[in-house]
Amino acid sequence: MALPDLKLAMLVIRGSQDLEDCITDANARAIPCPAECLCPGVPEPPPDQPYLVHEGMHQSALWLRDCTLEPLRILSNAGYRIVVTGHSL
């Protein structure tokens with residue numbers, strides 16, 4: 001959602017809604033977080049002690065990134081402030 005008068009864009013993420021979401025939530029296996037997914041400034045961990053992420057949340061985050069990154073980049077380049085909010089489960 002974008003509010004042009006305020007130069008504000010909001011990405012609102014809903015929680016679990018259906019059985020497919022619940023299956024994703026239940027996929028709680030801890031997997032190593034790929035280095036390309038680390039936030040800028042976060043040091044890479046030692047190879048024998050990787051950062052771990054919830055596999056289902058990681059899959060959802062990648063999907064969300066792929067769907068929203070370019071539109072958010074366009075809004076940001078146009079001077080919009082970006083707010084991300086929502087909840088899980």
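Before moving on, here are some points about what is shown:
- Counting the residues of region 66-89 that are exposed (fewer than 12 other Cβ atoms within 10 Å of the Cβ) and more than 17 Å from Asp5 (Cβ to Cβ) gives 11.
- Residue in region 11-20 that is modelled with pLDDT of 95 or more, open to solvent by 90 Å² or more (accessible area, probe 1.4 Å) and of a type outside the set (D, E, K, R) present: no
- Residues that are closer than 17 Å to Thr24 by Cα and either among the aliphatic types (A, V, I, L, M) or surrounded by 13 or more Cβ atoms within 10 Å (Cβ to Cβ) (or both), drawn from region 34-65: Leu52, Val53, His54, Glu55, Gly56, Met57, His58, Gln59, Ser60, Ala61, Leu62, Leu64
- Selected residue (only one of Pro71, Pro40, Pro50, Pro45 is within 15 Å of the chain's Cα centre (by Cα) and assigned to a loop (DSSP other than H, G, I, E, B)): Pro40
- Taking every residue in region 1-18 that is among the hydroxyl-bearing types (Ser, Thr, Tyr) and pairing it with any residue that is outside any helix (DSSP H, G or I) and open to solvent by 50 Å² or more (accessible area, probe 1.4 Å), at least 6 positions away or on another chain, the pairs with Cβ-Cβ distances below 7 Å are Ser16/Leu89.
- Single match in Glu55, Glu20 (criterion: farther than 26 Å from Met1 by Cα and charged (D, E, K, R)): Glu55
The values are calculated or read from the model by the stated rules, or taken from the named source; none is laboratory data. Just so we're clear, the structure is a prediction, and the values are computed from it rather than from any experiment. Because the Cβ atoms are built from the backbone with ideal geometry, glycine has one as well, and the counts that use them run over all protein chains shown. Only protein heavy atoms, including side chains, enter the accessible area calculation; ligands, DNA and RNA are left aside. Shrake-Rupley method; radii C 1.70, N 1.55, O 1.52, S 1.80 Å.
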